[in-house]
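Below is one structure, written out as structure tokens; comments come after it.
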Amino acid sequence: MILTVLGCDGSYPGPGGAGSGYLVECGPDVLWVDTGPGTLGALQTHRSLSDLTAVVITHEHPDHRSDIDGLAVAIRFGPFADHERIPVFAPAGVRESCYFAEWDVFDWRTVAGGDSRGLGQVRLSFSRTDHGPETLAVRLDGDGACIGYSADSGPGWSLAALGPDIDLAVCEATWPAEHEGNGGHMSGRQAGASAREAEVGELLLTHRAPWAPPDVVAAEAAAAFGRQVHQAMPGARYRVAERRAVPLTSPFESPAGRR
Ligand SMILES: [Zn+2]
């Protein structure tokens, strides 16, 4: 299973950045997980939109959702008009928050915490987090590997709620520890503690606020996790396998690059 960071800025895109979005590739299964602003464009530097087999949207906040409307336009009017309706897994309320919600271009599938769905070779399992609107963390199991993605959450939820044996946790770490208590989000320290509690293989920090100092957030996360952490960057790719996430620094090392 390969994870590509499309965008990773917390709550709004910083200069040249993008909101939350990830590409997960597992054999023939190509998933766009969170459709934040700027991630539709980034997605197309890695895969054709016609390759998409599913979309997952964790909650209705615009920094995780807004580009789904761009995909709706591409499917309805673009070169993919004959594409089958793409399944979109999302909690209640997400569809209604989309501008083109009434267009018949997606196969909307409402999910809730505790739900599990099979999709090709991938199994999706959802857990409701500690955030504003209904927000679902998602566990993706496929090809013997597991990714656990926190979506947005405050410290009232833990990665452990996604179950054991997570090889790579992609966890929000919005700000330094001095901002803990602002609500709805975790600091790097809290993300590290959550990853340690869940005994994950490796930790990728994401959703950092554009104003937050990256080195401070990462250092506090590593201290709490007890090991090195990765910091999400747009375009970063990881091959996820047993207890490991190997960075794929060159596109020529990745399956997408060999196509
Ligand atoms: Zn949010």
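Any read-out appearing in this document is the output of simple, stated calculations on the displayed coordinates, not a laboratory observation. Note that the structure is predicted; figures quoted are calculated from it, not measured. Glycine gets a Cβ as well: all are built from the backbone with ideal geometry, and neighbour counts include every protein chain shown.
Tell me the label-point distance for the pair His83, Asp107, using the 7 Å Cα-to-Cβ offset, in nm and rounded to one decimal.
It is 1.4 nm.
Compute the helix-to-body angle for 188-198: its Cα long axis versus the longest principal axis of the chain, expressed 0 to 90° and rounded to tens.
Taking Cα atoms only, the helix is inclined about 80 degrees.
For Ala241 and Phe100, compute 0.36 nm times the residue count separating them, minus their Cα-Cα distance, and round to one decimal in nm. Could you put the intermediate results ahead of the total?
Values: separation 141, 0.36 × 141 = 50.76 nm, distance 3.75 nm.
Computed gain between Ala241 and Phe100 is 47.0 nm.
Kirkwood-based Rg over Rh for segment 2-246 (C-alpha set), two decimals?
Here Rg/Rh amounts to 0.94.
Specify the angular offset, from 0 to 90 degrees and rounded to the nearest 10, of the alpha carbon long axis of helix 68-77 from the longest principal axis of the alpha carbons in the chain.
Taking the Cα atoms of the chain, the angle to 68-77 is about 20 degrees.
Once both axes come from the Cα atoms, what is the angle between helix 214-225 and the longest principal axis of the chain, in degrees from 0 to 90, rounded to 10?
70 degrees
Would you calculate the separation in nanometres between label points at Val73 and Ala219, each defined as 7 Å from the Cα along the Cα-to-beta-carbon direction?
It is 4.3 nm.
Count the net charge of all other residues whose Cβ sits under 15 Å from the Cβ of Ile68, scoring Lys and Arg as +1 and Asp and Glu as -1.
-4
Using only alpha carbon pairs under 8 Å that are at least six residues apart, calculate the relative contact order of segment 98-143 and give it in whole percent. All intermediate terms of the calculation are to be shown ahead of the outcome.
Values: 55 pairs, mean separation 13.0, N = 46.
Normalised by residue count, the contact order of segment 98-143 is 28 percent.
Quick check: the distance between the Cα centres of segment 81-159 and segment 36-53, to the nearest angstrom?
17 Å
May I ask you to evaluate 6.51 cos²θ - 1.76 cosθ + 1.60, the Karplus curve with θ = phi - 60°, for each residue of segment 153-165 and list the ³J(HN,Hα) values in order in whole Hz, giving x for glycine and proline?
7, x, x, x, 10, 10, 4, 4, 5, 8, x, x, 6
Of Val170, Trp157, Ala112, which is farthest along the charge dipole of segment 2-246 in the positive direction, counting Lys and Arg as +1 and Asp and Glu as -1 at C-beta?
Working it through, the farthest residue towards the positive pole turns out to be Val170.
As a check on your grasp of the helix formula, calculate [θ] at 222 nm for the chain: sum -39500 (n - 2.57) over DSSP H runs of n ≥ 4, divide by the residue count, round to the nearest 500.
Roughly -4500 deg cm²/dmol at 222 nm, from the helical runs in the chain.
Taking 0.36 nm per intervening residue step and subtracting the Cα-Cα distance, what contour gain separates Asp143 from Ser116 on full extension?
Once the chain is fully extended between Asp143 and Ser116, it gains 8.0 nm.
Where both partners of a DSSP beta bridge lie in segment 2-246, what percent of those bridges are antiparallel, to the nearest 5?
In segment 2-246, approximately 60 percent of DSSP beta bridges are antiparallel ones.
What full-extension length gain, to one decimal in nm, is calculated for Gln228 and Glu197 as 0.36 nm per residue of separation minus the Cα-Cα distance?
In short, 9.6 nm is gained.
For the chain, what does the relative contact order come out to in percent, with C-alpha contacts under 8 Å and a separation of six or more?
17 percent
What net charge do the residues around Ala212 carry, taking every other residue with its C-beta under 14 Å from that of Ala212, with Lys and Arg at +1 and Asp and Glu at -1? Intermediate values should be presented prior to the final figure.
Values: positive: Arg189, Arg208; negative: Asp9, Glu172, Glu178, Glu180, Asp215, Glu220.
Residues close to Ala212 contribute a combined charge of -4.
What residues qualify as long-range amide H neighbours of Gly7, i.e. H under 5 Å apart, gap of 5 or more or another chain, H built at 1.01 Å from N?
Under 5 Å from the amide H of Gly7: Gly21.
Using alpha carbon coordinates only, what is the Rg to Rh ratio of segment 133-231, with Rh defined as the Kirkwood radius? Don't skip to the answer; put the middle values down first.
Values: Rg = 12.3 Å, Rh = 13.0 Å.
Radius of gyration over Kirkwood radius for segment 133-231 works out to 0.95.
Would you mind working out the magnitude of the charge dipole of segment 30-102 relative to its Cα centre, with +1 at each Lys and Arg C-beta and -1 at each Asp and Glu C-beta, to the nearest 20 Debye?
100 debye
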